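This report concerns only the one structure given below.
The values are calculated or read from the model by the stated rules, or taken from the named source; none is laboratory data. Note that the structure is a prediction, hence the values are computed from the model and not measured. Every residue, glycine as well, gets a Cβ built from its backbone with ideal geometry; the counts of neighbours run over all protein chains shown.
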Amino acid sequence: MPAVSVKGVSKSFRIFSNGRDRLKEALSFGRKKYGRDFWALKDIDLEVEPGTTLGILGRNGAGKSTLLNIISGMLQPTSGTVEVNGRLVALSGFGVGFDAEFTGRENIMLNGLILGIERQEIVERFDDIAAFADIGQFIDQPIKTYSSGMKSRLGFAVAVNVEPDILILDETLAVGDAVYKETALQKMYELRDSGTTILFVSHSMNTIETFCTEAVLLHEGRVLASGETTEMTDQYRALVSNIKAQKNNERSDGKQAPTDIVVPDEEGEGLEAWSSKEGGATSSTERRAAAPRACVAGYPEG
Amino acid sequence: MSTKVLSAKPGSWRAILGSLATFYERRWLIKYFVQRQMARGYKGSYLGLVWAFLAPLLMVVMFTVIFSEVIGIRFREVTGDSSLNFGLFLYCGLVPFLAYQQALTQGVNVIRRNSDLVQKVVFPTEILPLTTVLTSLLQNAFGLGALMLVLTVLEQQLHWTILLLPLVVVPQLLLTLGLSYLMAVAGTYVPDVRETLRTFVRATFWITPILWPAGRVPENLSFLVDYNPLAFLVGAYRALILDGELPGAMASIYFSLFAVAVFGVGFVVFNRVKHNFADQL
């Protein structure tokens with residue numbers, strides 16, 4: 001039985017140019033359309049066997065976060081099904097639900113309960129969590145006195161010390177200093193070797209190459225390729241340099257080249273930025289829509 | 001090992017029943033959330049949670065002194081001490097109203113305020129309105145405790161009918177919870193509802209016999225009392241606590257049925273749309 005099985009999952013977001021359109025459409029109860037659909041994911045199939053460490057590669061806006069959010073159940077797919085076998089802990093933001101007024105001790109309990117862990121289990125593992133977070137005396141101080149590194153360490157400590165069957169990590173090693181990174185990575189290797197299924201997003205090719213057993217490459221909401229890690233990272237590098245070259249061409253031409261590759265901006269195009277900021281979202285999608293439709297070598301046309 | 005199948009069709013009837021079960025499964029989370037909300041207001045003060053009782057006590061004492069000694073408004077004569085008039089009458093009506101007001105004004109914001117929980121973790125959002133309603137009812141209980149303390153001191157006795165209060169509080173919980181669910185949905189989809197709600201709640205204060213006695217309502221406005229669930233609630237609190245009488249049987253049954261219906265509608269609507277909250281924020 002696969003740990004995670006994704007079948008034909010697509011996800012679209014409704015885009016409205018302003019709030020009034022959104023309301024008008026809601027009030028018409030599906031009779032009229034004022035917005036349009038933006039497909040963040042199209043027809044994703046993915047099977048992850050237990051114990052796999054799957055790296056997820058892709059540029060900003062490729063749909064990595066959306067896919068992980070759907071697998072973890074935070075977002076509902078527009079179509080398709082997701083099946084998850086085992087306890088899943090997702091870390092897309094650290095210390096979600098932390099309350100600044102309360103102590104580290106209280107927040108460990110609160111955060112654990114939010115993640116869906118039994119109270120008894122949190123009590124039993126409390127010492128491990130505190131030791132791993134390594135914040136010493138601060139455990140009995142309100143979180144508002146913590147540095148941001150301490151906060152994320154605490155959040156990370158709760159999530160990885162409850163022995164998830166499936167762990168979803170989104171850019172999470174980016175927190176903490178070098179020493180802590182080492183500890184965190186150590187813990188991740190430990191989890192991996194004890195058979196935890198890990199879905200891992202990072203922009204660091206090195207980490208993915210050394211850490212992951214398999215990888216999947218997403219591009220514009222589709223699975224471009226999947227398989228052995230180094231093969232995927234090579235493909236990803238090729239894709240990136242391809243796009244860079246294309247971009248440089250455009251610059252040197254001084255005008256929009258008749259290219260068939262969509263070149264999103266480095267910032268703002270990411271789906272993360274896109275779904276959180278509505279105002280900026282519209283303009284960036286319009287730009288996307290205005291750009292010529294995409295086809296990169298090896299990328300399945302649809 | 002648990003198997004979870006997430007499909008494109010959430011909000012089925014089975015899923016809705018399942019989320020009733022989450023209330024039990026996540027009871028510790030609910031407890032901590034309520035505790036946290038109760039404690040937040042008093043965090044850092046020297047007396048801490050004692051304030052949850054002291055604050056309403058100060059209020060009821062102030063009401064008694066101001067309205068009975070200074071202004072001297074009297075709607076009802078109390079045996080023994082005539083100072084016990086309007087202040088207690090007003091306060092006793094205010095307690096359930098404040099719980100209702102708090103539950104609604106907090107409920108309308110609850111999804112936005114907890115956007116982290118909605119967007120960044122897998123979280124049973126249906127417990128969020130429940131925790132705000134439970135918090136408001138807990139404060140309600142502290143308010144009642146203060147009222148009873150003052151009554152004991154001034155009248156040297158409490159009516160046995162106070163023991164029947166839970167029969168009113170349970171439908172009160174269902175009613176406010178149902179309204180909170182509806183408000184949470186409305187407030188998430190249409191932010192403007194939050195502003196409208198404040199006015200609406202303020203209006204219900206004036207059309208409910210809290211400041212004025214229900215018996216004095218003119219004939220042509222009597223529907224304000226007869227068809228107003230809040231009027232029943234306020235009346236029932238006063239009857240059970242101040243007068244030692246029972247609220248009307250038929251009215252109690254209607255109120256309970258209405259409360260169950262509102263809860264049912266609110267809960268189903270909320271569960272039908274909760275999966276879209278993450279997309280909405």
Odd one out for B:I207 among (1) modelled with pLDDT of 90 or more; (2) in contact with a helix residue (DSSP H, G or I) (Cβ under 6 Å, 6 or more places away or on another chain): (1)
Within segment A:67-84, considering residues that are at pLDDT 85 or above and facing chain B (nearest Cβ under 7 Å), the one nearest to A:G116 (Cα to Cα): A:V84
Check on A:G80, out of contact with any helix residue (DSSP H, G or I) (no Cβ under 6 Å at 6 or more places or on another chain), on the phi > 0 side of the Ramachandran plot and in contact (Cβ under 8 Å) with a residue 12 or more places away in the chain: yes
Residue match in segment B:229-243 (condition: within 26 Å of B:L94 (Cβ to Cβ), part of a helix (DSSP H, G or I) and touching an Asp or Glu at 6+ places or on another chain (Cβ under 6 Å)): yes
Flag if A:R87 is surrounded by fewer than 23 Cβ atoms within 10 Å (Cβ to Cβ) and within 19 Å of the chain's Cα centre (by Cα): yes
Residues that are modelled with pLDDT of 85 or more and surrounded by fewer than 23 Cβ atoms within 10 Å (Cβ to Cβ), drawn from segment A:25-53: A:W39, A:K42, A:D43, A:D45, A:L46, A:E47, A:V48, A:E49, A:P50, A:G51, A:T52
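Of all residues in segment A:94-104, which are of a type outside the set (S, T, N, Q) and either more than 9 Å from chain B (Cβ to nearest Cβ) or in contact (Cβ under 8 Å) with a residue 24 or more places away in the chain (or both)?
Matches in segment A:94-104: A:F94, A:G95, A:V96, A:F98, A:D99, A:A100, A:E101, A:F102, A:G104.
For B:R272, state whether it is charged (D, E, K, R), surrounded by 15 or more Cβ atoms within 10 Å (Cβ to Cβ), modelled with pLDDT under 90 and under 21 Å from B:Q101 (Cβ atoms).
Details: charged (D, E, K, R): yes; surrounded by 15 or more Cβ atoms within 10 Å (Cβ to Cβ): yes; modelled with pLDDT under 90: yes; under 21 Å from B:Q101 (Cβ atoms): no.
No, not satisfied.
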Failed item in (1) within 14 Å of chain A (Cβ to nearest Cβ); (2) part of a helix (DSSP H, G or I), with B:Q139 passing the rest: (1)
Top-ranked residue in segment B:217-257 [being at pLDDT 85 or above and β-branched (V, I, T); ranked as farthest from the chain's Cα centre (by Cα)]: B:I253
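Answer yes or no as to whether B:L163 is more than 14 Å from every other protein chain (Cβ to nearest Cβ) and in a helix (DSSP H, G or I).
Values: more than 14 Å from every other protein chain (Cβ to nearest Cβ): yes; in a helix (DSSP H, G or I): yes.
Considered against the rule, which asks whether it is more than 14 Å from every other protein chain (Cβ to nearest Cβ) and in a helix (DSSP H, G or I), B:L163 comes out as yes.
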Number of the condition not met by B:W206 [criteria: (1) hydrophobic (A, V, I, L, M, F, W, C); (2) touching a Leu at 6+ places or on another chain (Cβ under 9 Å); (3) part of a helix (DSSP H, G or I)]: (2)
Single condition A:V160 does not satisfy, out of (1) surrounded by 19 or more Cβ atoms within 10 Å (Cβ to Cβ); (2) within 14 Å of chain B (Cβ to nearest Cβ): (2)
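Any residue at all in segment A:47-65 that's within 13 Å of another protein chain (Cβ to nearest Cβ) and closer than 26 Å to A:V240 by Cβ?
If we filter segment A:47-65 for residues that are within 13 Å of another protein chain (Cβ to nearest Cβ), which is where we start, we get A:50, A:65.
Going one step further and asking which of them are closer than 26 Å to A:V240 by Cβ, we end up with A:65.
The answer is yes, given that some residue of segment A:47-65 is within 13 Å of another protein chain (Cβ to nearest Cβ) and closer than 26 Å to A:V240 by Cβ.
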